[in-house]
1. Using beta carbons and a limit of 9 Å, which pairs, at least six apart or on different chains, have the first residue in region 323-342 and closer than 26 Å to Tyr243 by Cα and in contact (Cβ under 8 Å) with a residue 40 or more places away in the chain and the second one of a type in the set (Asp, Glu) and surrounded by fewer than 20 Cβ atoms within 10 Å (Cβ to Cβ)?
2. Tell me, which strands (runs of 3 or more DSSP E) wholly within region 132-239 include 3 or more residues that are among the hydrophobic types (A, V, I, L, M, F, W, C) and under 21 Å from Phe344 (Cβ atoms)?
3. Can you tell me which residue among Asn254, Asn266 is in contact with a helix residue (DSSP H, G or I) (Cβ under 6 Å, 6 or more places away or on another chain), farther than 17 Å from Glu121 by Cβ and among the polar types (S, T, N, Q)?
4. Could you check region 43-116 for helices (runs of 4 or more DSSP H) lying wholly inside it with 3 or more residues that are assigned by TED's automatic domain parsing to the domain that holds Thr181, touching a Leu at 6+ places or on another chain (Cβ under 8 Å) and more than 12 Å from the ligand (Cβ to nearest atom)?
5. Do you know which residues across region 231-243 are near the ligand (Cβ under 10 Å from one of its atoms) and out of contact with any Gly (no Cβ under 7 Å at 6 or more places or on another chain)?
6. Could you check region 356-374 and list, in sequence order, the residues that are at pLDDT 95 or above and over 30 Å from Gly78 (Cβ atoms)?
7. How about region 117-131: which of its residues are assigned to a strand (DSSP E or B) and farther than 12 Å from Phe196 by Cβ?
Amino acid sequence: MNHTGLELGEMGLEILRAYPGNNGKGHGESLPISQGRHLKIVSHLNGDHREEMIKDIQQGMTKPQKCIPPKYFYDARGSELFEQICMTPEYYPTKTELSILDRSAAAIMQFFSPEGGDLIELGSGANQKIRKLLDVVNPSEHGWIRYVPVDISQNSLLESATELLNDYPNLEILGVLADFTRHIGVLPRGRKLITFFGSTIGNLTEEEAVHLLKRIRSIMNPGDRFLLGMDMLKPLDVIETAYNDRQGVTRDFNRNILDHLNGELNGNFNSHDFDHLAFFNPRGECVEMHLRAKCAVTVRLGDLAMSFDIRKGETLHTEISRKFSRESADRLFRKAGLSVARWFTDPKGWFSLVELQVKTLEQGLMMERWSEAI
Ligand code: AVI
């Protein structure tokens with residue numbers, strides 16, 4: 001541990017930038033912006049994301065079902081488009097999750113009463129959801145709370161942290177620049193409530209989700225809590241409509257992944273050669289998003305020194321978005337060694353915020369005996 005309270009990550013801890021205008025000196029020093037306002041940013045990104053992208057695209061584009069991992073949706077334009085998707089009338093997850101937070105924020109924030117601790121947000125992005133929690137903080141009731149947003153984009157981390165500091169002048173923020181699917185080990189180890197909103201867990205396969213949840217469990221102490229947003233199964237038309245909005249924002253978001261690859265890998269995709277396709281797959285209990293070629297296309301990705309032939313009608317698989325049942329969610333938690341402390345949902349049960357804790361040895365043994373008995 002060093003004096004920032006963070007453990008050294010795999011590639012070492014370095015302060016990339018502390019706001020405002022730190023030139024990279026003063027490693028590990030916290031820079032007060034002004035009295036009562038406090039922001040520190042630490043980076044665990046080591047610049048290897050380009051090599052990773054090259055590897056991912058080479059692998060994905062040479063599979064029988066060509067695919068592009070969904071994390072490549074989120075360049076600056078993609079993140080903007082995602083924010084717009086959240087505002088479309090058809091995209092119910094954001095609105096529903098916010099409505100649950102409206103009703104349950106006070107109960108959730110009881111965690112900090114009176115001991116305080118870290119409020120960690122994985123994949124922070126826009127501040128809408130965390131604001132719901134911060135709005136119910138009562139200094140006389142809750143202990144000292146530090147907000148720890150974790151994001152892969154430096155700009156969005158700085159922008160959203162600055163915005164929050166304007167509205168919550170007493171808030172202390174430790175921004176962590178990291179890919180939380182790989183760098184969970186760098187997060188603070190003290191008392192904490194970890195949040196992972198938006199049902200981003202649904203964009204991972206079962207195996208990837210179990211792996212991530214196990215990593216999260218590994219940094220949790222017995223009293224810590226993990227608040228996980230999960231989109232639930234519901235009438236099919238509601239789900240499919242959410243991924244086929246009338247304005248075509250989801251279509252643009254889907255196509256933008258090709259523009260992103262063009263920019264990063266010197267490619268010549270014409271994203272308009274592809275139709276947006278999003279449908280519910282009942283066997284996988286997930287929405288599948290694809291880009292379907294309108295005509296035969298040969299694409300060259302200059303930096304990979306590779307070309308790919310795509311037949312007319314062939315699809316590039318860009319995303320799964322899993323929809324959970326109580327059973328499939330419980331199965332996931334069991335595999336990850338987590339147990340449910342509280343389950344918050346909306347009146348229709350469309351979305352869930354599940355408060356999880358580390359399964360104790362005792363609970364684990366009870367579960368084993370129970371599953372042996374049936
Ligand atoms: C970020 N993630 C939870 C969104 C979802 O619903 O799976 C991404 C998205 N894709 C299309 N629309 C929204």
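The values are calculated or read from the model by the stated rules, or taken from the named source; none is laboratory data. Here the structure is a predicted model, which is why all the values come from computation and not from measurement. Glycine also receives a Cβ, built like all others from the backbone with ideal geometry; neighbour counts cover every protein chain displayed.
1. If the second residue must be of a type in the set (Asp, Glu) and surrounded by fewer than 20 Cβ atoms within 10 Å (Cβ to Cβ), the pairs left are Lys323/Glu285; Phe324/Glu285; Ser325/Glu285; Ser328/Glu206; Ser328/Glu285; Leu332/Glu206.
2. 192-196, 225-231
3. Asn266
4. Fully inside region 43-116 and qualifying: 92-109.
5. Ile239, Ala242, Tyr243
6. Within region 356-374, Gln357, Val358 qualify.
7. Of everything in region 117-131, those that are assigned to a strand (DSSP E or B) and farther than 12 Å from Phe196 by Cβ turn out to be Gly117, Asp118, Leu119.
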